1. Out of all the residues in the stretch B:47-79, which are within 14 Å of B:Met21 (Cβ to Cβ), among the aromatic types (Phe, Trp, Tyr) and surrounded by fewer than 18 Cβ atoms within 10 Å (Cβ to Cβ)?
2. From the list B:Ser30, B:Ser98, B:Ser53, which residue is in contact (Cβ under 8 Å) with a residue 12 or more places away in the chain and away from every other protein chain (no Cβ under 14 Å)?
3. Give the stretch A:16-70 a look and list any residue that's more than 19 Å from B:Lys102 (Cβ to Cβ), modelled with pLDDT of 95 or more and not in a strand (DSSP E or B), or say none.
4. Which of the numbered conditions does A:Ile77 fail, given that it passes all the others? Conditions: (1) buried (at least 22 other Cβ atoms within 10 Å of the Cβ); (2) more than 10 Å from chain B (Cβ to nearest Cβ).
5. Can you work out which of the residues in the stretch A:58-67 that are more than 12 Å from chain B (Cβ to nearest Cβ) and charged (D, E, K, R) is surrounded by the most Cβ atoms within 10 Å (Cβ to Cβ)?
6. Which one of the conditions (1) under 15 Å from A:Gly109 (Cα atoms); (2) free of Cβ contacts under 8 Å to residues at least 24 places away in the same chain; (3) touching a Leu at 6+ places or on another chain (Cβ under 6 Å) does A:Leu76 fail to meet, given that it meets all the rest?
Amino acid sequence: EAAVTQSPRNKVAVTGGKVTLSCNQTNNHNNMYWYRQDTGHGLRLIHYSYGAGSTEKGDIPDGYKASRPSQENFSLILELATPSQTSVYFCASGDPGGEGFSNERLFFGHGTKLSVL
Amino acid sequence: AQKVTQTQTSISVMEKTTVTMDCVYETQDSSYFLFWYKQTASGEIVFLIRQDSYKKENATVGHYSLNFQKPKSSIGLIITATQIEDSAVYFCAMRESSNTDKVVFGTGTRLQVSP
């Protein structure tokens with residue numbers, strides 16, 4: 001079964017501080033995604049990547065940066081954290097349209113709960 | 001731009017009944033892919049079922065099926081013979097062929113199944 005691991009699971013940060021959320025996948029998927037989940041908003045796409053070295057802006061990229069240094073790792077970076085970024089963040093990996101197309105799906109990590117005080 | 005809308009915030013049903021959850025989408029593409037995911041109480045998000053826009057037959061997996069109405073840009077999820085463990089949040093999602101890598105989700109519908 002595909003595996004996506006997020007770290008840390010919980011994080012408390014101070015306003016104005018730098019926060020890095022990490023994600024590792026062992027699925028050899030080309031694509032990786034960062035979503036945030038907030039009540040009333042569902043899962044909103046922040047950044048995504050289609051391969052090592054690539055990052056693309058999602059629907060709500062402001063205040064976030066992303067880094068994909070390798071096939072396995074995808075990080076979300078909050079350079080100056082704000083209380084409005086308090087949320088649960090989910091990383092996912094998948095291979096849309098790739099090998100095993102008929103089995104296409106995203107595999108999610110267990111989420112990171114971030115509180116910015 | 002692609003968009004997915006789920007207007008039902010929450011639904012409550014009795015066990016062993018059938019429930020339908022609504023989802024409408026917006027896209028300019030002629031080819032696209034629609035998905036449903038389930039988030040359990042523990043927070044885990046898992047894939048349930050998928051519908052390709054070019055397929056006329058509604059997808060079915062176990063006791064999950066889809067009601068795909070292309071003219072209405074609608075993809076409803078039907079759960080038959082609901083079980084207590086179906087209690088969860090259900091998300092609708094979409095990927096367009098022209099933007100292969102981007103997957104967007106709706107706001108989710110919380111389902112509560114009571115005995």
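The values are calculated or read from the model by the stated rules, or taken from the named source; none is laboratory data. The structure displayed is predicted, hence computed values, not measured ones. Virtual Cβ from ideal backbone geometry, glycine too; neighbours counted across all protein chains shown.
1. Passing the criteria: only B:Tyr64.
2. B:Ser30
3. Matches in the stretch A:16-70: A:Gly16, A:Gly17, A:Lys18, A:Gly63, A:Pro69, A:Ser70.
4. The single condition A:Ile77 does not satisfy is (1).
5. Result: A:Lys65.
6. Condition not satisfied by A:Leu76: (2).
Here is a yes/no grid of residues against (1) more than 11 Å from every other protein chain (Cβ to nearest Cβ); (2) surrounded by fewer than 17 Cβ atoms within 10 Å (Cβ to Cβ):
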{"position": "A:Val12", "(1), (2)": "yes, yes"}
{"position": "A:Met32", "(1), (2)": "no, no"}
{"position": "A:Thr39", "(1), (2)": "no, yes"}
{"position": "A:Leu45", "(1), (2)": "no, no"}
{"position": "A:Glu56", "(1), (2)": "no, no"}
{"position": "A:Thr86", "(1), (2)": "yes, yes"}
{"position": "A:Glu104", "(1), (2)": "no, no"}
{"position": "A:Gly109", "(1), (2)": "no, no"}
